[in-house]
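> Quick one: the structure is below, questions incoming.
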Amino acid sequence: MNILITFPGDLTRPQGGGANRSYNLAKQLQNAGHNITVLQPQDNKENTGEFEIFNYTGNILGRDLSVFADLNPFFIFKIIKLLLKKDTDLVHIELPWGATAVNIINRLFGKKAKVVYSSHNYEAGMQKDLRDYHRNLKESGFFKVLIFNLIYPYTKLIERCAVKLSDIVVCVSNSDKESMASKYKSSNDKIKVIHNGTDFTKILKSSRNKEIFGLDKNKISIVFHGSYEHLPNYEAINLIKDKIYPEFRKKLDKVEFVIAGVGVPVSSKKEGLRLIGFVEDIYSLLKSSDIAIVPILHGAGTKLKILDYMGVGLPIVSTDKGMEGINAVNYEHAVIVEDINTHFIEAINYLIENKEERKRIGSNGKQMAEKEYGWDSIGQKLNDLYNKIV
C-alpha cells in the first residue's frame, strides 16, 4: 500500500510526545511492508533516509504557520502534485491541520485515496482549556489572551471539518472518541481508538547510570519530562519548582528533583532541583531515576510520558488529568491524585519512604505497559485497520 503522511514538524527527528507517536506509527506501517512518503515543512528538512521526504514552506518570516496548512498555497500545491504523480492509496494526516485541504483536493481531482485524520487530542477541547487558562492568568496580557480567543474557534472549525470530511478518524483514547463523536455529531464507527505506546526496543538498549546525568547515586531522584513549549508541561514544571519542590526542602539530603525536555532552560541554581534540558537518551535518564511525577492539570489525549515511565518500571504519582485515557488502577499501576494538593505531596512521600511499594507499583505498571502499550502491537492494530478500509 502507498501511504502519504502529512506531519507539521520534523518526522525524521521526533522530539516530544506527539512527534514520537507520529514517528512510531509511520515506522510500524513501514515495517508492515507499506511504502511511506512524508510531506512536512521545508524548515524541517533533515532526512535520515528512513522515509521518502517531500517538503513545503510552512515557516514564513520566522513564524510557524503549520496550523494554517489548509490555507497555505505551498502545502496545497505539494498535495496536488503528490496525489497526481503518486499512486497514493491512503493519506494519513497527523493533527487536523491540512485535513480539509487534502479531502477537498482528493475529491476535486477524482482521486480515490482514503483519507485518515490521525488526532493526538480532542484538539478543540485542549485549546478551550488553554484559552481559559490564559484568561485567568494576569501575566498573559491582552494580546496573548486575544490570540487564544481566536485560536479556539478556528481550531474547532478545522477539527470539525477534519472529522466530517475524512473517511476514518484515529484518536488516542476512548474519552477523545466520545468527545469528538458528541461535539461533531459523528458516528462512533467512524472514530477508531489507536492508543499511544512506548518503545521497548529503546528501553532494552538503555541503562541506569546516575552519574551521566549528574544525579546523586545516594539520593532518590524524582523525574518529570516534557516539552517546555507545550503549555500543560510548562504549567507542570512551574508547579514542581514553585509548589512541589519547596515541600521537600527538609528532605534534600535524601531526594532530588530532575526536569528534562525540549526547551527546558538548563539550571541547577537550587539545591536538589536540576533542570537539564533536552535529553537524547530519555530512557536511560528514566532508568536512572526512582520516582516519576506528573502534575498535569490541562491538556487532552493520553500522555506518552506516563507510558514511558511505566515502560521502564518507574512508580508514578500523577493527577487524574495526567493519567487520562490509561487503564491504570490507583495504588496498583500508579498513585493517582485528583489535584496538586497535600494529597499529591503525601503520595510522593509515601513512595519515598516505602521502597518495596516503589518496586511493586513500578513492576505492575511495567507489566501493563508491556501487555497493552508496546508500539509493535499498536502498529499491528493500525495496519489491520488500514488493510480493511483500502
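The values are calculated or read from the model by the stated rules, or taken from the named source; none is laboratory data. From a predicted model like this one, the values you see are computed outputs, not experimental measurements. Note that each Cβ is placed from the backbone with ideal geometry, even for glycine, and that neighbours are counted across all protein chains shown. To get the accessible areas, we keep the full protein, side chains included, count just its heavy atoms, and leave off ligands, DNA and RNA. Shrake-Rupley method; radii C 1.70, N 1.55, O 1.52, S 1.80 Å.
> Which sequence of 178, 50, 353, 94 reflects their accessible areas, 1.4 Å probe, from the largest down? Working shown, then result.
Numbers: 178 125, 50 50, 353 100, 94 0 Å².
Largest accessible area first, the list is 178, 353, 50, 94.
> Compute the length gained on full extension between residue 68 and residue 139: take 0.36 nm times their separation in residues and subtract their Cα-Cα distance, giving the result in nm to one decimal.
Working: separation 71, 0.36 × 71 = 25.56 nm, distance 2.69 nm.
Computed gain between residue 68 and residue 139 is 22.9 nm.
> Once the other residues with Cβ under 11 Å from the Cβ of residue 105 are scored (Lys, Arg +1; Asp, Glu -1), what is the net sum?
Numbers: positive: 78, 81, 107, 111; negative: 70.
After counting each charged neighbour, the total is +3.
> Further question on the same structure: Accessible area, 1.4 Å probe, largest first: how do 230, 343 sort? All intermediate terms of the calculation are to be shown ahead of the outcome.
Values: 230 70, 343 110 Å².
Listed by decreasing accessible area, they come as 343, 230.
> Let me ask something else. Along the Cα→Cβ direction, 7 angstrom out, place labels at residue 320 and residue 31. What is the inter-label distance in nm?
3.6
> If I compute solvent accessible area with a 1.4 Å probe over the protein chains, what percent of it on the chain is carbon and sulfur?
With neighbouring chains kept in place, the figure for the chain is 50 percent.
> In addition: To the nearest 10 degrees, how steeply does helix 375-389 sit against the main Cα axis of the chain, on a 0 to 90 scale?
So the inclination is approximately 20 degrees.
> Next question, about the same structure. Rounded to whole Å, give me the distance from the Cα center of the stretch 43-106 to that of the stretch 147-222.
With the stretch 43-106 and the stretch 147-222 each reduced to a Cα centre, they are spaced 21 Å.
> Between residue 380 and residue 52, take the C-beta separation as r, use R0 = 22 Å, and let me know the FRET efficiency to the nearest 0.05.
Values: r = 23 Å, r/R0 = 1.05.
According to the calculation, E is roughly 0.45.
> Less than 9 Å Cβ to Cβ from residue 11, Lys/Arg counted +1 and Asp/Glu -1: what total charge do the surrounding residues give?
Numbers: positive: 13; negative: 10, 50, 94.
Here the count lands on -2.
> Oh, and also: Could you rank 175, 187, 166 by how accessible they are, 1.4 Å probe, largest area first?
Values: 175 45, 187 65, 166 5 Å².
Putting 175, 187, 166 in descending order of accessible area: 187, 175, 166.
> Among rounded, prolate and oblate, which fits the stretch 87-148 when a ≥ b ≥ c are the square roots of the eigenvalues of its C-alpha gyration tensor, a/c under 1.5 means rounded, and a/b larger than b/c means prolate? Intermediate values should be presented prior to the final figure.
On the way: a/c = 5.36, a/b = 3.07, b/c = 1.74.
Prolate, because a/c is 1.5 or more and a/b exceeds b/c.
> Same structure, new question: Within the stretch 244-272, whose backbone N sits under 13 Å from a point 7 Å along Cα→Cβ of residue 229?
Backbone N within reach: 262-264.
> Exposed loop sites here are chymotrypsin sites (Phe, Trp or Tyr not before Pro) in DSSP loop states with at most 14 other C-beta atoms within 10 Å. What is the longest stretch of the chain lacking them? Kindly include the intermediate steps, with their values, before the conclusion.
Numbers: sites that count: 109, 331.
Longest stretch, sites excluded: 110-330.
> Please give the helix 99-108 orientation as an angle from the longest Cα principal axis of the chain, in degrees from 0 to 90, rounded to the nearest 10.
20
> Right, another one. If you line up the long axis of helix 355-372 against the longest principal axis of the chain, both from Cα atoms, how many degrees apart are they, to the nearest 10?
10
> Compute the accessible area per residue over the chain, keeping the other protein chains in place, probe 1.4 Å, unit Å². Intermediate results must be reported in sequence, preceding the final value.
Working: 17580 Å² over 390 residues.
For the chain, the solvent-accessible area averages 45 Å² per residue.
> Pick out, in residue order, every one of the GluC sites (Glu not before Pro) in the stretch 203-282 that is DSSP loop and has at most 11 other C-beta atoms within 10 Å; say none if there are none.
Details: sites: 211, 229, 235, 247, 256, 271, 280; in loops: 229, 271, 280.
Within the stretch 203-282, the qualifying GluC sites (Glu not before Pro) (loop, at most 11 other Cβ atoms within 10 Å) are 271, 280.
> Moving to a separate point now. What shape does the stretch 224-324 have by the C-alpha gyration tensor, where a ≥ b ≥ c are the square roots of the eigenvalues, rounded means a/c under 1.5, and otherwise prolate means a/b greater than b/c and oblate the rest? Each step should come with its number before you reach the end.
Numbers: a/c = 1.32, a/b = 1.26, b/c = 1.05.
Rounded, because the longest to shortest axis ratio a/c is under 1.5.
> Turning to a different aspect of this structure: I want the antiparallel fraction of DSSP beta bridges within the stretch 1-128, as a percent rounded to 5.
Working: 2 of 21 bridges.
The answer is about 10 percent antiparallel.
> When DSSP beta bridges are limited to those with both residues in the chain, what percentage is antiparallel, rounded to the nearest 5? Spell out each step's value before the answer.
Numbers: 3 of 48 bridges.
Rounded to the nearest five, the antiparallel share is 5 percent.
> What accessible surface, in Å², does a 1.4 Å probe find on residue 1, ignoring ligands, DNA and RNA and rounding to the nearest 10?
50
> Which stretch or stretches of the stretch 259-297 have amide N atoms under 17 Å from the point lying 7 Å from residue 252's Cα along the Cα→Cβ direction?
Counting only backbone N, you get 259, 267-276.
> Something else now. Work through the residues other than residue 320 whose Cβ is under 11 Å from its Cβ and net out their charges, Lys, Arg +1 and Asp, Glu -1.
On the way: positive: 321; negative: 324, 338, 339.
So the environment of residue 320 carries a net charge of -2.
> Restricting to DSSP loop positions (anything but H, G, I, E, B) with no more than 13 other Cβ atoms inside 10 Å of their own Cβ, which trypsin sites (Lys or Arg not before Pro) remain in the stretch 51-158? Before the final figure, lay out the partial values.
Details: sites: 63, 78, 81, 85, 86, 107, 111, 112, 114, 128, 131, 135, 138, 144, 156; in loops: 86, 111, 112.
In loop regions of the stretch 51-158 (DSSP not H, G, I, E or B), the sparsely surrounded trypsin sites (Lys or Arg not before Pro) are 112.
> Pairs 112/164; 303/381; 27/388; 78/192: which exceed 25 Å Cα-Cα?
On the way: 112/164 17 Å; 303/381 19 Å; 27/388 19 Å; 78/192 28 Å.
From 112/164; 303/381; 27/388; 78/192, over 25 Å: 78/192.
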